[in-house]
Amino acid sequence: MRAFPILEARQIVKELGQGEGKVQALKSVDLALHEGEFTLLMGPSGSGKTTLLSILGCLLTPTSGTLTLGGEAVTHRSAEDLADLRRRHLGFIFQSYNLFPTLSALDNVRLGLDVRGFSSRECKERAAEALIEVGLGHRLKAYPGTLSGGEKQRVAIARAIAPEPPVILADEPTAALDTENGYAIMELLSRVAGKNGRAVLAVTHDPRTVPFADRVIEIEDGIITGERKKHAATVIPARPRQSQAAHGKAAPYQDRKRQAHA
Amino acid sequence: MTLIGILFAVVLLAVQLGLYLGARKMIVDTIDHAGGDIWIAAYGSNSFEQATILHGRERFAALSVPGVSAVEPLVASFAPWTRGDTSTTSVVVVGADNGTLSPWNVVEGSVSALSPDGVAVDRTYADTLGISGIGAVAEINGQRLRVDALTDGIRSFTTSPYIFMSLAKARELLSVPSDQATFYLVKVQPGVDVSGVKHALEKKLPGTSIFTNAEFRQTNLDYWLFGTGAGVALLGGAVLGLIIGTVVVAQTLYSSTKDHLAEFATLRALGSSSFYIHKVILTQATVSAFLGYGLGIAVSFAVAQASLHTPMPIMLTPQLAAMLLVVTVVMCAVSALSSIFKVTKIDPAMVFAR
Ligand SMILES: Nc1ncnc2c1ncn2[C@@H]1O[C@H](COP(=O)(O)OP(=O)(O)O)[C@@H](O)[C@H]1O
Ligand SMILES: [Mg+2]
């Protein structure tokens, strides 16, 4: 048996919007992340990937369901508590990098450490180390405006890994990059997971990135539809795939699933 | 942009408060240089320039009060000054002898050797008075006067220049009988309690107003600054500067915060506490405060320097400058509140494009 997961979500439901526009973006999602594993979350646009990532990242509170992070139950927490959880357990990587344009690469990474209360000397050392680790040892003083997309994303990865959080979440980290840079970033993320024993979850559209992952989870219409392990040739269906016609009838399936859990 | 707002506020505050301090100094300067401990004035007198004439018997009554060492008459009154070209301007005649309220900061000529028709005037007002320098002549009430001495920096809050002369000449010009005066300046013997002497004088001289020097200063300040509303206008301008400054700085800080909302959300997503984010905003505000203050106070000192030789000097003292620094920092901190309020409402989930 493997060690219990660093992050575990159970029966996560999330309703978004209000009144007429209300949608159930997630319909009972179960998901566990293990340290040392690079997981891809794949699914069509609007399937709920970002919503799920936001909930796993303690940025968004689920309508129902439970989340456990590092053994701690994450329910009914204040915004400050959630920030504290993110600070201790999580690192984030964004599609549009979200770097601070007025700060150098080094200072961007330092900021992520400063927020966590590291001493200024430690901030500097760790930031430099992280940038060297992502292959940007020669661009410490460069400003984001002078970096290529791939380099920017490397800075963002350095910022996420420098404080050594056990879980790293990335939302479409390669969507803004060309194929080659996209591959490089995926490879880097897989290395981050494998070498440092972190749980890395990345959302992606691109099936070509699959070979880098230890595990691929598929999501559609707010439901996990399948999971593949590395080297497994085919999708292991978590449930019979819904046809387009059966779309409107998700409820009976959920019932069955719950019975199965019981 | 924030800096311009702060700079503007600092300069406005410095100029208004500097003018206010300058006004205070102008108002009390003559009183401080009169060198008396107690002022005897006609009942109800509220200012140096507008007191009415005393009867004359007060001097000897005052001299008989124990503890009094000297009682000097002083004449002060508004009067029309007729320039050489016969045009007229308002002045304040000040007549005294024996070193009582003798003009100070004399830069040309001599006041110890004032001729019977001689006067001392401040060179700041040379143009107003229509004089070219020592030896210039003019008239008050048809009587000829000659400028014997020039001073520098004796300014008048009322804008009517002080014309210093002998007691006899002042009485003559203003038709004040030779035993009468506008004020009697009492000197108290060393070691004697001034307020005790003041009470004794009040008993002895009913129907007069008797002030210690400090009280007379305050009476003049109250009258000119608040009785006339001039001081209220200056302080009001300062308050206005503070309000405008706060609003402008708050606006610019707020819009800069709004421009960087995504960055604050990223900070929040990275796990920063609200405290950390507030610190970032306050630090930004404080840095702006110091920079804006530095620029503003430099401009203010230049303006104050340029005003030194005008009739409305701006007194930018080190204390005022220090106080303005505190005010600027507080103003910026208050201005940061709206920004802080804005970022506390950030939804960190906005970091992901959904
Ligand atoms: N604020 C919102 N209000 C209402 N519906 C939303 C909101 N945000 C997202 N949705 C809907 O929730 C579903 C899931 O969105 P999202 O998690 O962004 O999908 P993905 O990241 O897979 O493209 C979509 O149908 C989207 O339209
Ligand atoms: Mg998305």
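The values are calculated or read from the model by the stated rules, or taken from the named source; none is laboratory data. Everything numeric here is computed off the predicted structure, so don't read it as measured data. Quick reminder, even Gly has a Cβ in these numbers, built from the backbone with ideal geometry, and neighbours come from all protein chains shown. These accessible areas exclude ligands, DNA and RNA; they are computed on the full protein's heavy atoms, side chains included. Shrake-Rupley method; radii C 1.70, N 1.55, O 1.52, S 1.80 Å.
Among strands (runs of 3 or more DSSP E) lying entirely in the stretch A:30-107, which contain 2 or more residues that are within 14 Å of another protein chain (Cβ to nearest Cβ), within 15 Å of ligand 2 (Cβ to nearest atom) and under 11 Å from the mean Cα position of the chain (by Cα)?
Filter on the stretch A:30-107 gives A:90-93.
Can you pull out every residue in the stretch B:91-125 that is of a type in the set (D, E, K, R) and part of a loop (DSSP other than H, G, I, E, B)?
Listed by number, the residues that qualify are B:Asp97, B:Asp117.
What is the number of the single condition among (1) open to solvent by 60 Å² or more (accessible area, probe 1.4 Å); (2) free of Cβ contacts under 8 Å to residues at least 24 places away in the same chain that B:Pro116 does not meet?
(2)
What's the number of the only condition in (1) modelled with pLDDT under 95; (2) away from ligand 1 (no atom under 16 Å from the Cβ); (3) buried (at least 16 other Cβ atoms within 10 Å of the Cβ) that A:Thr102 fails to meet?
Unmet for A:Thr102, out of (1) modelled with pLDDT under 95; (2) away from ligand 1 (no atom under 16 Å from the Cβ); (3) buried (at least 16 other Cβ atoms within 10 Å of the Cβ): (3).
Look through B:Gly241, B:Gly271, B:Gly245, B:Gly294 and report the one residue that is over 42 Å from the mean Cα position of the chain (by Cα) and not assigned by TED's automatic domain parsing to the domain that holds B:Thr128.
Of the residues listed, the single one that is over 42 Å from the mean Cα position of the chain (by Cα) and not assigned by TED's automatic domain parsing to the domain that holds B:Thr128 is B:Gly271.
When you scan the stretch A:108-128, how many residues do you find that are open to solvent by 10 Å² or more (accessible area, probe 1.4 Å), touching a residue at least 12 places away in the same chain (Cβ under 8 Å) and in a helix (DSSP H, G or I)?
Count: 5.
Can you say whether A:Ser120 is farther than 30 Å from A:Glu227 by Cβ and either out of contact with any His (no Cβ under 7 Å at 6 or more places or on another chain) or away from chain B (no Cβ under 11 Å) (or both), as far as the supplied structure shows?
Answer is yes for this residue.
Which of the residues spanning the stretch A:202-224 are more than 21 Å from A:Gln153 (Cα to Cα) and open to solvent by 30 Å² or more (accessible area, probe 1.4 Å)?
A:Asp214, A:Glu218, A:Glu220, A:Asp221
Given the criteria surrounded by fewer than 15 Cβ atoms within 10 Å (Cβ to Cβ) and under 23 Å from A:Ala83 (Cβ atoms), does B:Thr283 qualify?
Considered against the rule, which asks whether it is surrounded by fewer than 15 Cβ atoms within 10 Å (Cβ to Cβ) and under 23 Å from A:Ala83 (Cβ atoms), B:Thr283 comes out as yes.
Could you give every pair whose Cβ atoms fall below 6 Å, whose first residue belongs to the stretch B:143-166 and is acidic (Asp, Glu), and whose second residue is assigned to a strand (DSSP E or B), counting only separations of at least 6 or pairs across chains?
Between residues of the stretch B:143-166 that are acidic (Asp, Glu) and residues that are assigned to a strand (DSSP E or B), the close pairs are B:Asp148/B:Gly109; B:Asp148/B:Gly118; B:Asp152/B:Val107.
For the stretch B:170-205, name all the residues that are within 29 Å of the chain's Cα centre (by Cα), more than 15 Å from B:Trp39 (Cα to Cα) and open to solvent by less than 10 Å² (accessible area, probe 1.4 Å).
The answer is B:Ala170, and nothing else.
Cβ-Cβ below 7 Å, separation at least six or inter-chain, first residue in the stretch A:35-56 and within 24 Å of A:Arg191 (Cβ to Cβ), second part of a strand (DSSP E or B) and hydroxyl-bearing (Ser, Thr, Tyr): which pairs?
Every condition considered, the pairs that remain are A:Leu40/A:Thr204; A:Met42/A:Thr204.
Restricted to the stretch A:165-177, and to residues that are more than 16 Å from ligand 1 (Cβ to nearest atom) and closer than 18 Å to A:Leu136 by Cβ, which residue is least open to solvent (accessible area, probe 1.4 Å)?
Filtering first and then ranking leaves A:Ile168.
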